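Novice: Sharing a structure, written as structure tokens. Questions coming.
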Amino acid sequence: MKVVVTGGCGKIGKWVVRELLHCNNGISHSVTVFDRFAGPEQEQVHYLAGDILDLGQVFEAVSGADAIIHLAAIRKNGLVPDDVTFRTNVMGAFNVHEAARRLGISRVVTASSQAILGWDYREKDFFPEYLPIDEDHPVNPQDAYGLSKETTEAISRSYAQLGMDTIILRPNFVVSPEQLNQLTREGG
């Protein structure tokens with residue numbers, strides 16, 4: 001199966017690529033990583049540098065894929081100005097889904113965030129309306145990042161209504177093994 005991972009050099013992406021290459025279920029994956037910076041070529045991984053904001057580059061990157069795992073985005077609020085966060089995350093999601101639709105790629109997995117629920121880590125505490133939190137929990141984004149992820153989910157749902165298989169994941173508090181070790185040492 002040919003899988004394109006946008007943002008495959010990022011915090012989550014590099015682990016997703018690793019898992020795709022080391023599946024124990026007998027499925028052989030050919031992986032293309034589409035990211036701002038090309039990584040080192042590996043036996044089953046092709047790295048393609050590009051920009052998710054350029055629909056033509058997205059078309060080139062995903063052409064021939066069986067599935068796309070869309071992880072490329074500004075990963076949290078406050079890294080860049082709010083308009084850049086919103087534009088990058090929303091237009092990137094649109095470009096990936098639109099390219100998939102036009103090229104007949106029927107499977108897209110997209111990373112969202114718990115930030116659409118109301119966690120913003122800056123100004124106000126978030127209290128869920130009920131536990132456990134599920135897909136039906138009301139959303140109430142508090143910043144440009146959360147709003148961009150809510151819009152990203154709407155984009156994914158709209159393409160699902162057109163017949164595409166879409167999956168939205170909302171990872172919560174992603175830490176690398178190094179960060180986890182640091183938190184463990186600090187007692188955090």
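Novice: Restricting the first residue to region 91-118 and requiring it to be under 12 Å from Y159 (Cα atoms), which pairs with a second residue that is among the basic types (K, R) and crowded, with 20+ Cβ neighbours inside 10 Å meet a Cβ separation below 7 Å and a spacing of at least six or different chains?
Specialist: Here the result reads none, with nothing in region 91-118 linked to a residue that is among the basic types (K, R) and crowded, with 20+ Cβ neighbours inside 10 Å.
Novice: Please specify each residue of region 34-76 satisfying the condition of being among the small types (G, A, S) and farther than 20 Å from I12 by Cβ.
Specialist: G56, S63, G64
Novice: Looking at region 17-35 only, could you name the residues that are modelled with pLDDT of 95 or more and open to solvent by 20 Å² or more (accessible area, probe 1.4 Å)?
Specialist: D35
Novice: Something else: Looking for whichever is of a type outside the set (F, W, Y), at pLDDT below 95, touching a strand residue (DSSP E or B) at 6+ places or on another chain (Cβ under 9 Å) and open to solvent by less than 10 Å² (accessible area, probe 1.4 Å) here; the options are V96, V45. Which one fits?
Specialist: Of the residues listed, the single one that is of a type outside the set (F, W, Y), at pLDDT below 95, touching a strand residue (DSSP E or B) at 6+ places or on another chain (Cβ under 9 Å) and open to solvent by less than 10 Å² (accessible area, probe 1.4 Å) is V45.
Novice: Tell me yes or no: at least one residue of region 167-188 is in a helix (DSSP H, G or I) and in contact (Cβ under 8 Å) with a residue 12 or more places away in the chain.
Specialist: No, region 167-188 has no match at all.
Novice: Identify the single condition in (1) open to solvent by 70 Å² or more (accessible area, probe 1.4 Å); (2) acidic (D, E); (3) in contact (Cβ under 8 Å) with a residue 24 or more places away in the chain that E129 does not satisfy, given that it satisfies every other one.
Specialist: With (1) open to solvent by 70 Å² or more (accessible area, probe 1.4 Å); (2) acidic (D, E); (3) in contact (Cβ under 8 Å) with a residue 24 or more places away in the chain applied to E129, the lone miss is (3).
Novice: Under 7 Å by Cβ, and 6 or more places apart or on different chains, what pairs join a residue from region 1-20 that is among the basic types (K, R) with one that is surrounded by fewer than 22 Cβ atoms within 10 Å (Cβ to Cβ)?
Specialist: Going by the 7 Å Cβ cut-off, the qualifying pairs are K2/S30; K2/G64; K2/D66; K11/R75; K11/V174; K11/S176.
Novice: Being touching a Ser or Thr at 6+ places or on another chain (Cβ under 9 Å) and open to solvent by 60 Å² or more (accessible area, probe 1.4 Å) is the filter; apply it to region 151-181 and report the residue that is nearest to M91 (Cα to Cα).
Specialist: This residue is R157.
Novice: Is at least one residue of region 104-112 buried (at least 20 other Cβ atoms within 10 Å of the Cβ), of a type in the set (A, V, I, L, M) and part of a loop (DSSP other than H, G, I, E, B)?
Specialist: Among the residues of region 104-112, at least one is buried (at least 20 other Cβ atoms within 10 Å of the Cβ), of a type in the set (A, V, I, L, M) and part of a loop (DSSP other than H, G, I, E, B), which makes the answer yes.
Novice: Let me ask something else about it. Just one of the numbered conditions (1) touching a Leu at 6+ places or on another chain (Cβ under 9 Å); (2) within 29 Å of P141 (Cβ to Cβ) is not true of V31; which one?
Specialist: For V31, the failing item is (2).
Novice: How many residues, within region 12-39, are closer than 24 Å to D51 by Cα, in a loop (DSSP other than H, G, I, E, B) and not charged (D, E, K, R)?
Specialist: Qualifying residue count, region 12-39: 5.
Novice: Follow-up. Read through the list (1) touching a residue at least 24 places away in the same chain (Cβ under 8 Å); (2) open to solvent by 60 Å² or more (accessible area, probe 1.4 Å); (3) closer than 20 Å to K149 by Cβ, then give the number of the only condition that D51 fails.
Specialist: (1)
The values are calculated or read from the model by the stated rules, or taken from the named source; none is laboratory data. Because the structure is a prediction, the values reported are computed rather than measured. Methodologically, a virtual Cβ is constructed for each residue, glycine included, from the backbone with ideal geometry; neighbour enumeration extends over all protein chains shown. With ligands, DNA and RNA removed, areas are computed over all heavy atoms of the protein, side chains included. Shrake-Rupley method; radii C 1.70, N 1.55, O 1.52, S 1.80 Å.
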